[in-house]
Each structure stands twice: as C-alpha cells, then as structure tokens.
1. Name the residues in segment 92-115 that are more than 16 Å from the chain's Cα centre (by Cα) and part of a helix (DSSP H, G or I), would you?
2. Cβ-Cβ distance below 9 Å, separation of 6 or more or different chains: which pairs start in segment 49-69 with a residue that is under 14 Å from ALA104 (Cα atoms) and modelled with pLDDT under 90 and end on one that is aliphatic (A, V, I, L, M) and open to solvent by 50 Å² or more (accessible area, probe 1.4 Å)?
3. If you go through segment 128-168 one residue at a time, how many are of a type in the set (A, V, I, L, M, F, W, C), farther than 20 Å from TRP108 by Cα and either at pLDDT 95 or above or surrounded by 13 or more Cβ atoms within 10 Å (Cβ to Cβ) (or both)?
4. Within segment 71-78, identify whether any single residue is at pLDDT below 95, surrounded by fewer than 18 Cβ atoms within 10 Å (Cβ to Cβ) and not in a helix (DSSP H, G or I), and answer yes or no.
5. Would you call LEU123 within 30 Å of ILE45 (Cα to Cα), of a type in the set (A, V, I, L, M, F, W, C) and surrounded by 15 or more Cβ atoms within 10 Å (Cβ to Cβ)?
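The values are calculated or read from the model by the stated rules, or taken from the named source; none is laboratory data. The structure presented is a predicted model; accordingly, all values stated were derived computationally and were not measured. Neighbour counts run over all protein chains shown; Cβ positions are idealised from the backbone, glycine included. With ligands, DNA and RNA removed, areas are computed over all heavy atoms of the protein, side chains included. Shrake-Rupley method; radii C 1.70, N 1.55, O 1.52, S 1.80 Å.
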Amino acid sequence: RYRQDDGLTRQTVLLLEFVAHGARQIAVDADEVHGDENAALAARIFEQIGDQRGQAKAWGTIGEAHWMKCHFANAEVAYEVSLRHAREAGDERQESWGLYMLAAAAAWGPVPVAQGISRCEELIAHAGARRIVEARGLLAVAALTGVEGHFDDARQMAARGRAILEDV
C-alpha cells in the first residue's frame with residue numbers, strides 16, 4: 001500500500017506498513033514502555049499523506065502506550081483522536097476499539113464518577129450492533145457504580161457485561 005516510489009524512504013514504508021496493519025509496536029522493559037515515539041512519527045507521516053485509517057491506528061497505538069504507563073488521561077486523549085480518524089476513514093473496527101477504550105478510560109481515568117457513568121451510558125446507548133462496546137460500557141458503569149457504594153446494582157451490570165462478552 002505504501003511505496004518508495006511515492007517519495008517515502010524504505011524505513012518509512014516499513015514503519016507505516018507495520019502500524020497500519022495493526023501491529024502494536026510497544027515493548028515493555030522493566031519499568032519503561034516504548035513504542036509511542038514510533039507511533040507518533042507514523043501519525044505525523046499518515047497526516048502528511050492524508051491517510052485517516054493510518055492515523056487512527058497510530059493514535060490507537062499511542063493510546064495503548066499511555067495506557068500501559070497508567071497515564072489514563074493521556075490515553076483517553078489519544079483514543080479520542082484515534083476515534084475521530086477512524087470515523088473519518090469509515091474503519092468500524094478501529095472505531096469500536098476506540099469506543100471500547102474510552103469506556104475503560106472512564107472507569108480507570110481521572111474522570112469524576114458521575115461524569116464517567118454518564119459517558120458510559122451514552123456509549124452504551126449508541127453502541128448499536130457493537131456488542132463489545134456495550135459490554136465494556138456496562139463493565140465500566142459497574143465499576144463506577146461500585147465506587148458509589150451501590151454494590152447490588154454494580155454486580156448486576158457486571159453480570160450483564162460478562163454475559164455479552166461470553167456471547168461475542
């Protein structure tokens with residue numbers, strides 16, 4: 001898909017192909033996570049050549065690198081950018097992954113509980129046929145509902161979310 005005769009170097013072509021085809025270029029060494037630098041470089045190149053799908057993949061990889069570092073606010077920003085590019089590219093799989101991770105970020109990130117529940121309920125309402133998004137939304141709401149002390153409601157939502165995951 002990417003060629004050197006498009007004015008790209010061999011190294012750039014390999015990097016773009018690697019990120020665009022879903023490979024996650026993230027390595028964990030002891031306490032450090034590496035890979036977001038290459039994904040950021042790929043995102044800039046994808047932007048220059050107008051590749052929305054590539055940008056979605058690269059920003060998703062940036063989000064994963066932040067997630068692995070427990071930098072949930074930064075991960076959420078990267079997933080939002082990835083989601084925007086996925087929608088522009090018509091990439092439903094990447095869009096579903098972005099929605100899935102935004103629901104997870106609502107539960108794990110620095111978002112106030114009420115706001116996190118609201119975000120997840122909105123994701124659930126718009127999940128449509130994307131059952132994986134609905135499941136992640138329910139699991140996130142369950143966790144946040146538990147934080148509020150409503151344990152029976154949290155257990156019920158978690159059971160619904162797990163049932164969907166077992167089905168998909």
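1. Just the residues of segment 92-115 that are more than 16 Å from the chain's Cα centre (by Cα), to begin with: 110-115.
Result: VAL113, ALA114, GLN115.
2. MET68/VAL28
3. Start the filter on segment 128-168 by keeping residues that are of a type in the set (A, V, I, L, M, F, W, C), which leaves 129, 132-133, 135, 138-144, 147, 151, 154, 157-159, 163-165, 168.
Add one more test, that the residue is farther than 20 Å from TRP108 by Cα, and what stays is 129, 163-164, 168.
Now drop any that are not either at pLDDT 95 or above or surrounded by 13 or more Cβ atoms within 10 Å (Cβ to Cβ) (or both), which leaves 163-164.
Of the residues in segment 128-168, 2 are of a type in the set (A, V, I, L, M, F, W, C), farther than 20 Å from TRP108 by Cα and either at pLDDT 95 or above or surrounded by 13 or more Cβ atoms within 10 Å (Cβ to Cβ) (or both).
4. yes
5. Values: within 30 Å of ILE45 (Cα to Cα): no; of a type in the set (A, V, I, L, M, F, W, C): yes; surrounded by 15 or more Cβ atoms within 10 Å (Cβ to Cβ): yes.
It is false that LEU123 is within 30 Å of ILE45 (Cα to Cα), of a type in the set (A, V, I, L, M, F, W, C) and surrounded by 15 or more Cβ atoms within 10 Å (Cβ to Cβ).
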